[in-house]
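Report on the following structure.
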Amino acid sequence: MVRTSLTMASVVTIALLAYTGAVFAAEQPKPAQAQAAPAKADGQFKIGVVNRKMVFDSYKKREQGLADLEAQKNKLQVEIDALSKSIEAKKKKYEDEKDKMTDDERTKLKDEITREFGEYQAQFKLKQDDIDRQSQRFLSGIMQDIDNAVNQIGSQQNYHLILEADPKSPTSVIYFSTTLDITSQVIALLNGKS
């Protein structure tokens, strides 16, 4: 059967969005946001943790975005189904009438079916790629919103360091105060040795 469905590929894409929210941040790591936060008078630092996957799963904007992606996928599926039905109708006509057709008519109809099937495959790939791009853009925006919220809380509440709470996450520092940054000291030590 010619019918290829966006449903399976898109459902997998959307399910992966829900499952891989925190993992995506690792695929495109953004540098931790540095802010100057004063150390407490007693020399203690304020450290927090956040589970971005839990935030991702609970973020209301994510739910609406997934619904929008599903609606877009359904619209594209209707277009793909129309192309599929056209090809199926021509294949059926060919099978039903091939014995009554001349060689030229058979060749012409086969060529038409082949051409339409090629167009169908190209349209399917184009539409699937479009859904994938929209999903990626959506996910990037959600993760940026989450990181911005963490940075805002870190800055406003004078945190020195905010870590990812999920131990499986390859990125751990989300926010840090410049008072914790020892980069210049490491450079000085290394350059002093050479």
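The values are calculated or read from the model by the stated rules, or taken from the named source; none is laboratory data. Because the structure is predicted, anything quoted here is derived from the model rather than measured. Note: ideal-geometry Cβ built from the backbone for every residue, glycine included; neighbour counts use all protein chains shown.
Considering the range 20-44, and only residues there that are modelled with pLDDT of 50 or more, surrounded by 15 or more Cβ atoms within 10 Å (Cβ to Cβ) and part of a loop (DSSP other than H, G, I, E, B), the residue that is farthest from the chain's Cα centre (by Cα) turns out to be 37. Residues in the range 167-193 that are of a type in the set (Val, Ile, Thr) and in contact with a Leu (Cβ under 9 Å, 6 or more places away or on another chain) were compared, and the one that is surrounded by the most Cβ atoms within 10 Å (Cβ to Cβ) is 174. Every listed requirement among (1) at pLDDT 90 or above; (2) under 16 Å from residue 50 (Cα atoms); (3) not small (Gly, Ala, Ser) is met by residue 163 save one, (1).
Filtered by the rule that a residue be aliphatic (A, V, I, L, M) and touching a Lys or Arg at 6+ places or on another chain (Cβ under 8 Å), the range 62-113 gives 76, 80, 109, 113.
Of all positions in the range 171-178, at least one carries a residue that is within 23 Å of the chain's Cα centre (by Cα), among the small types (Gly, Ala, Ser) and under 30 Å from residue 44 (Cβ atoms). In summary, residue 136 fulfils each of the numbered conditions (1) in contact with a Pro (Cβ under 9 Å, 6 or more places away or on another chain); (2) in a helix (DSSP H, G or I) with the single exception of condition (1). Listed by first and then second residue, the pairs linking a residue in the range 103-132 that is more than 22 Å from residue 73 (Cβ to Cβ) to a residue that is of a type in the set (Ser, Thr, Tyr) and assigned to a helix (DSSP H, G or I), with Cβ atoms under 6 Å apart and 6 or more places separating them unless they lie on different chains, are 109/94.
Which residue is nearest to residue 127 (Cα to Cα), if the candidates are limited to the range 65-85 and must be over 20 Å from the mean Cα position of the chain (by Cα) and surrounded by fewer than 16 Cβ atoms within 10 Å (Cβ to Cβ)? Restricting to residues being over 20 Å from the mean Cα position of the chain (by Cα) and surrounded by fewer than 16 Cβ atoms within 10 Å (Cβ to Cβ), the top hit is 79. Of all residue pairs spaced 6 or more apart or on separate chains, those with beta-carbon atoms under 7 Å, a first member in the range 61-75 that is over 18 Å from residue 140 (Cβ atoms) and a second member that is hydroxyl-bearing (Ser, Thr, Tyr) and part of a helix (DSSP H, G or I) are 73/10. Of the residues 139, 161, the single one that is surrounded by 15 or more Cβ atoms within 10 Å (Cβ to Cβ), in contact (Cβ under 8 Å) with a residue 60 or more places away in the chain and within 17 Å of the chain's Cα centre (by Cα) is 139.
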